[in-house]
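Q: Attaching a single structure in structure tokens format; questions to follow.
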Amino acid sequence: MSDVAQTAARAPSRFTGKTVIVTGAASGIGLATARHFGSEGARVVLADLDLDRAGQAAEAVKTDGAPDAWPVRCDVSDEGQVRACVAGTLGRFGGLDVIVNNAGLMTFKPILELEAEDWRRVLGVDLLGAFFFVREGFEHMRPGGSIVNVSSIHAVETSPLVAPYAAAKAALVSLTRSAALEGKARGLRVNAVLPGAIETPMLRENPNVKSGVEVIDPNFVGQPADLAAAIAFLASDDARFVQGAALVVDGGRLDRL
Ligand code: NAD
């Protein structure tokens, strides 16, 4: 049994009748999250830059039990595409209950070599992408809905060469706080997860990890399903009194001296 199926097998079906958008759902944490929601009965919209891989992911989500799974090509840094993704979701499923802002990218450059365009690229996806979906969510989500933003432990501690990423992830925690305050009046909850090292392509292709600039003890590497379970908790009614939280999910890595 896969990690995703094992975790979901222990969980009740908290998302039956609900519609969930997961961004960056074609790979890694997003894929595991989409599969987790599907296994708990949600209709899942898989929004990703890569439509082919999102399509394959949607098939896996249906195999895991989702009544429907819809792959959508969406660049989260483009507000028109975000608007179209949400409008398409409302048209197809008649409502929207959960958004997981997971799409993200990292770049690696020393500060001396960084150009404004490097910052715009990372902030455009990792921060503005989430903002565009939060704004759409506030306009269109039903009361009781929930938004989960996927930040990073780089929001609080970081390594060299990733200044725009660390800043974007810290700002995403701040956006989560602001959105939680304004969302409350609308009956919407907004929370963030801060993953540590998670076994995904992003981790293994990370030049800092490959070069040893960032050393990761294998005991502190989690699986995408570990994040999926935490995200599903925050999105579910089990977390109905959790608002504006920043949940570190890192196996205790940040606690070490
Ligand atoms: P991944 O590279 O495996 O998957 C990222 C997905 O996002 C890909 O499918 C990619 O196509 C998609 N994507 C990238 N840019 C996009 C855009 N503009 N619009 C739509 N989709 C886009 O990465 P992952 O490790 O699963 O990371 C997911 C999230 O978790 C990211 O926000 C990342 O910053 C965060 N995170 C990951 C780790 C880790 O160790 N893997 C740690 C902390 C935080």
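The values are calculated or read from the model by the stated rules, or taken from the named source; none is laboratory data. All figures in this text were calculated on a predicted structure; none of them were measured in a lab. Neighbour counts are summed over all protein chains in view; Cβ atoms, including those assigned to glycine, are modelled from backbone coordinates with ideal geometry.
Q: Answer with yes or no whether LEU96 is modelled with pLDDT of 95 or more, surrounded by 15 or more Cβ atoms within 10 Å (Cβ to Cβ), away from the ligand (no atom under 15 Å from the Cβ) and of a type in the set (A, V, I, L, M). First the steps, then the outcome.
A: Working: modelled with pLDDT of 95 or more: yes; surrounded by 15 or more Cβ atoms within 10 Å (Cβ to Cβ): yes; away from the ligand (no atom under 15 Å from the Cβ): yes; of a type in the set (A, V, I, L, M): yes.
So LEU96 passes the test.
Q: Going residue by residue through region 65-83, is there one that turns out to be outside any strand (DSSP E or B), in contact with a His (Cβ under 8 Å, 6 or more places away or on another chain), at pLDDT 95 or above and over 13 Å from PHE132 (Cα atoms)? Quick ask: steps written out before the conclusion?
A: Residues of region 65-83 that are outside any strand (DSSP E or B), as a first pass: 65-68, 74-83.
If we keep only those that are in contact with a His (Cβ under 8 Å, 6 or more places away or on another chain) as well, we get none.
No, every residue in region 65-83 fails to be outside any strand (DSSP E or B), in contact with a His (Cβ under 8 Å, 6 or more places away or on another chain), at pLDDT 95 or above and over 13 Å from PHE132 (Cα atoms).
One line per residue, one yes/no per condition, for (1) out of contact with any strand residue (DSSP E or B) (no Cβ under 6 Å at 6 or more places or on another chain); (2) surrounded by fewer than 24 Cβ atoms within 10 Å (Cβ to Cβ):
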| position | (1), (2) |
| --- | --- |
| SER13 | yes, yes |
| ILE21 | no, no |
| VAL44 | no, no |
| GLY55 | no, yes |
| VAL61 | no, no |
| GLY65 | yes, yes |
| ARG73 | yes, yes |
| GLY80 | yes, yes |
| ARG83 | yes, yes |
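Q: Read through the list (1) over 24 Å from PRO195 (Cβ atoms); (2) of a type in the set (S, T, N, Q); (3) in contact with a Ser or Thr (Cβ under 9 Å, 6 or more places away or on another chain), then give the number of the only condition that ASN101 fails.
A: In the conditions (1) over 24 Å from PRO195 (Cβ atoms); (2) of a type in the set (S, T, N, Q); (3) in contact with a Ser or Thr (Cβ under 9 Å, 6 or more places away or on another chain), ASN101 misses (1) alone.
Residues checked against (1) touching a Phe, Trp or Tyr at 6+ places or on another chain (Cβ under 7 Å); (2) of a type in the set (Asp, Glu); (3) closer than 16 Å to ILE99 by Cα:
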{"residue": "ARG135", "(1), (2), (3)": "no, no, yes"}
{"residue": "SER146", "(1), (2), (3)": "no, no, yes"}
{"residue": "ASN149", "(1), (2), (3)": "no, no, yes"}
{"residue": "ALA155", "(1), (2), (3)": "no, no, no"}
{"residue": "ALA163", "(1), (2), (3)": "no, no, no"}
{"residue": "LEU172", "(1), (2), (3)": "no, no, yes"}
{"residue": "SER178", "(1), (2), (3)": "no, no, no"}
{"residue": "ARG186", "(1), (2), (3)": "yes, no, yes"}
{"residue": "VAL193", "(1), (2), (3)": "no, no, yes"}
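Q: Here are the criteria: (1) of a type in the set (Gly, Ala, Ser); (2) surrounded by fewer than 20 Cβ atoms within 10 Å (Cβ to Cβ); (3) closer than 15 Å to VAL148 by Cα; (4) within 14 Å of the ligand (Cβ to nearest atom). Tell me which single one ALA167 does not satisfy.
A: (3)
Q: Evaluate region 132-139: report whether one residue or more is within 14 Å of the ligand (Cβ to nearest atom), within 23 Å of ARG120 (Cβ to Cβ) and in a helix (DSSP H, G or I). Explain how you work it out, then say what you get.
A: At the first step, the residues of region 132-139 found to be within 14 Å of the ligand (Cβ to nearest atom) are 132-133.
If we keep only those that are within 23 Å of ARG120 (Cβ to Cβ) as well, we get 132-133.
If we keep only those that are in a helix (DSSP H, G or I) too, we end up with 132-133.
Taking every residue of region 132-139 in turn, at least one turns out to be within 14 Å of the ligand (Cβ to nearest atom), within 23 Å of ARG120 (Cβ to Cβ) and in a helix (DSSP H, G or I).
Q: Then there's this: Which is near the ligand (Cβ under 9 Å from one of its atoms), closer than 23 Å to VAL122 by Cβ, among the β-branched types (Val, Ile, Thr) and surrounded by 21 or more Cβ atoms within 10 Å (Cβ to Cβ), of ILE198, ILE231?
A: Values: ILE231 fails: near the ligand (Cβ under 9 Å from one of its atoms).
Sole residue among the options that is near the ligand (Cβ under 9 Å from one of its atoms), closer than 23 Å to VAL122 by Cβ, among the β-branched types (Val, Ile, Thr) and surrounded by 21 or more Cβ atoms within 10 Å (Cβ to Cβ): ILE198.
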